[in-house]
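**Q** Before I ask anything, let me first share the structure, which is written out below as structure tokens.
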Amino acid sequence: MSTFENLLIVETKHMNFSVGLDQLECSPSPKAVHVSQWKRPLDTLLILLALPFLIPLALLVALLIRSGSRGPVLFMQERVGHAGRRFRCFKFRTMFADTDTSTHQGHLHQLMNSNTPMTKMDAQGDPRIIPFGLLLRASGLDELPQLINVLWGEMSLVGPRPCLPYEYEKYLPWQKERFATVPGLTGLWQVSGKNKTTFVEMIQLDIEYAKTKNLWLDLKIILMTLPALLLQMLETRQARKAASRLVRQKAGCASSPIRPCSFPEAALLGVVQARDGEDVSPGKESKLNL
């Protein structure tokens, strides 16, 4: 099988760097087969230093979730981590209880089999999300409880995101090399454009990190995470405003005596109304957060 290089330019507001990506083949790296000795001391030290700030922040997030919907503040979800091992991943709940997962699975399947950017369903308006849920997801605050997984050694602060079991089953053999390192809260993919990259590019970035990870790269990614999150929040807000403007432009057809709404227009209007909290029946709590 032939191999060629794609160069992905990573840009943030404060710094730039380039990452070489193998498009088709990824040979195992001895450096990626074991858990680096410096990772757990670094993770533990940074978490302990941040605890005085993280505890009040976590309590505030819990209050927002409680005020926005009924149900537990936290939920556990099975994920696939280092060497394909499964573990229970903790997250703050951002969706209504018992939400149907088939929509998410279909969206994920489409992303895995296309050359389109890895956009979340949030950008399209997802009525399953609770009040304040979109803010928590865009800011990454919904993943704060995964610090428990980090302390237990199931995750690291930096690494590929832990995937869902049904996603893992669809991976090609070469794509599973991304599991040669411990999954993380943030990673090379998250600070490299994230929602602007394709599924294959995400896999390539994760494998590149597994092969080249070192102390300085982890520190660099951690420093780049905050600017990347701020940019993501800004883009989410802009996408929300753009969708609202589009619906307002189309909404005139609903009351027009001359031309009735077409089905796509009515569907789009319903989705945004649901997203904005209009005419939404109590939903179900989701066990999924991509």
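**Q** How about the stretch 187-208: which of its residues are without any contact (Cβ under 8 Å) to a residue 40 or more places away in the chain and either under 20 Å from Val150 (Cβ atoms) or touching a Leu at 6+ places or on another chain (Cβ under 7 Å) (or both)?
**A** Gly187, Trp189, Gln190
**Q** Return a yes/no flag: does the stretch 17-38 have any residue that is surrounded by fewer than 16 Cβ atoms within 10 Å (Cβ to Cβ) and at pLDDT 65 or above.
**A** Yes: the stretch 17-38 contains one or more residues that are surrounded by fewer than 16 Cβ atoms within 10 Å (Cβ to Cβ) and at pLDDT 65 or above.
**Q** Given Leu63, Leu49, Leu57, Leu74, which one is within 21 Å of the chain's Cα centre (by Cα) and farther than 16 Å from Trp152 by Cβ?
**A** Numbers: Leu63 fails: within 21 Å of the chain's Cα centre (by Cα); Leu49 fails: within 21 Å of the chain's Cα centre (by Cα); Leu74 fails: farther than 16 Å from Trp152 by Cβ.
Checking each option against the conditions leaves just Leu57.
**Q** Tell me, which helices (runs of 4 or more DSSP H) wholly within the stretch 120-171 include 1 or more residues that are within 18 Å of Ala50 (Cα to Cα)?
**A** Ranges flagged: 133-139, 146-151.
Rundown of residues vs (1) of a type in the set (Gly, Ala, Ser); (2) under 18 Å from Gly84 (Cβ atoms), yes/no style:
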position: Trp174; (1), (2): no, yes
position: Val191; (1), (2): no, no
position: Glu201; (1), (2): no, no
position: Ala210; (1), (2): yes, yes
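**Q** Further question on the same structure: Quick check on the stretch 128-141: of everything there that is surrounded by fewer than 21 Cβ atoms within 10 Å (Cβ to Cβ) and not hydroxyl-bearing (Ser, Thr, Tyr), which residue is nearest to Lys196 (Cα to Cα)?
**A** Gly140
**Q** Can you say whether Phe179 is closer than 28 Å to Leu63 by Cα, of a type in the set (Phe, Trp, Tyr) and either outside any loop (DSSP other than H, G, I, E, B) or free of Cβ contacts under 8 Å to residues at least 24 places away in the same chain (or both), as far as the supplied structure shows?
**A** no
**Q** Is it the case that some residue within the stretch 70-90 is acidic (Asp, Glu), modelled with pLDDT under 75 and surrounded by fewer than 17 Cβ atoms within 10 Å (Cβ to Cβ)?
**A** no
The values are calculated or read from the model by the stated rules, or taken from the named source; none is laboratory data. None of these values were measured; they are calculated from a predicted model. Note: ideal-geometry Cβ built from the backbone for every residue, glycine included; neighbour counts use all protein chains shown.
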